[in-house]
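Right, one structure below, let's go through it.
The values are calculated or read from the model by the stated rules, or taken from the named source; none is laboratory data. It should be emphasised that the depicted structure is a prediction, and the values quoted were computed from it without experimental measurement. Glycine gets a Cβ as well: all are built from the backbone with ideal geometry, and neighbour counts include every protein chain shown.
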Ligand code: ASP
């Protein structure tokens, strides 16, 4: 039976003395204080103390059966706490819910770790029970702030005239230096799709398509040995503009990210102005192209952004015995440096810019080549054969013969950005379902062996199983 004026609310919306309210959530802790039973009820918005008194025996008996993480619905009146019970550390610390009705929606086993102490728990256990780990205050904050940062960026770019376009995940590779995940094409025996390392070619083709301003918060896939803080799949804020230049792209990402900080992290100290430092100067001064320009590297709320510009277009790879692109093979040389491509390519500079935050690269981009002949010349310098050019990039060169606007863009490691903003030590802490260092999903049990008939359908035969 519904009480008069009763409302179902989230805890944070129910902070009004006298309100008759139904709250739904999880039992965070239960304390029996002699005759009175207290619980802290937790929902997506916060926690509320709930009191069960023996004066209502049936209710009290049910409350006695409550254990941590039971899912309940509880109705009652919001009342002031007695002076002795006020908790200044809780946003609802001056009030509590005096329960008049209780329904157990679902019972729960005792969790394998204390949700208030996950910092002590080893990561394998946290990842195996990620759905419980995500209930902790720390992880709730991380995933909720992540969502807010993404929403801010979407609004900012939409207001700047960008549209979000989803590009395919099952496609042909856009080689940018990393190994690709491959997918057998069941309908085309012997042929394969790959998961994209980035939407690079698609976003350039969207410029050919007249979109002019594109962005996407896109998943990227790189089948690399999982060194340190990398993930096989990660998220990029990816954007591309037509009729643009380096300054405009840098201004845009600078305004977007300083906007994120001002709006969502006002407690952080932004080091201003944000310098734009030529690569040579950065290397000479700090010996790195990712300088950490924080004045005090120990005060956690300082954010020191910097752009690094004027990178060389190529570097010589002693192992591959050829030039390789410093950024990627679609990056344009600086104006006036094109002649160097025929004589001393190593001296040519690129229209490339990296965005660094506290010594970590958070974005990188470039103005692209939009001329088919120049693109072919770069492929040749990189020692691609005519067949390779035709089979891997024929579609791009063909598109470039139908009126392509000058264009450029940038992509930003979204996980890394949120990691730094949230003061977390690694990106796994800001990804809802990350993989382990050796690319396993401990909760789902991936990768896994597949039944033979499924492999047969996908035209896969395993030559040697370890
Ligand atoms: N696609 C590039 C990357 O993933 C970024 C860009 O040039 O926009 O690093």
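Points worth noting:
- In the set 235, 244, only one residue is within 15 Å of the ligand (Cβ to nearest atom) and surrounded by 22 or more Cβ atoms within 10 Å (Cβ to Cβ); that residue is 235.
- Condition check for residue 316: modelled with pLDDT under 95, away from the ligand (no atom under 16 Å from the Cβ) and buried (at least 16 other Cβ atoms within 10 Å of the Cβ): no
- Checking residue 154 against (1) assigned to a helix (DSSP H, G or I); (2) closer than 24 Å to residue 441 by Cα; (3) out of contact with any helix residue (DSSP H, G or I) (no Cβ under 9 Å at 6 or more places or on another chain), the condition it does not meet: (2)
- Complete set of residues in the stretch 88-111 that are farther than 17 Å from residue 45 by Cβ and touching a strand residue (DSSP E or B) at 6+ places or on another chain (Cβ under 9 Å): 98, 99, 100, 101, 102, 103, 104, 105, 106, 107, 108
- Residue 177 being surrounded by fewer than 20 Cβ atoms within 10 Å (Cβ to Cβ), within 13 Å of the ligand (Cβ to nearest atom) and under 30 Å from residue 294 (Cβ atoms): yes
- Selection within the stretch 112-148 - surrounded by fewer than 13 Cβ atoms within 10 Å (Cβ to Cβ) and in contact with a helix residue (DSSP H, G or I) (Cβ under 7 Å, 6 or more places away or on another chain): 112
- Residues of the stretch 438-466 that are touching a helix residue (DSSP H, G or I) at 6+ places or on another chain (Cβ under 9 Å) and either closer than 19 Å to residue 128 by Cβ or part of a helix (DSSP H, G or I) (or both): 440, 441, 442, 443.
- Selection of the stretch 254-268 for residues being loosely packed, with under 15 Cβ neighbours inside 10 Å, outside any helix (DSSP H, G or I) and touching a residue at least 12 places away in the same chain (Cβ under 8 Å) yields only 267.
- Listing of strands (runs of 3 or more DSSP E) fully contained in the stretch 18-69 that carry 3 or more residues being within 25 Å of residue 131 (Cβ to Cβ) and within 32 Å of the chain's Cα centre (by Cα): 20-33, 36-42
- Cβ separations smaller than 7 Å between residues 6+ apart or across chains give the following pairs from the stretch 396-422 residues that are free of Cβ contacts under 8 Å to residues at least 40 places away in the same chain to residues that are more than 16 Å from the ligand (Cβ to nearest atom) and outside any helix (DSSP H, G or I): 419/426.
- Taken over the stretch 350-381, the criterion of being more than 16 Å from the ligand (Cβ to nearest atom), crowded, with 17+ Cβ neighbours inside 10 Å and in contact (Cβ under 8 Å) with a residue 40 or more places away in the chain is satisfied by 358, 379, 381.
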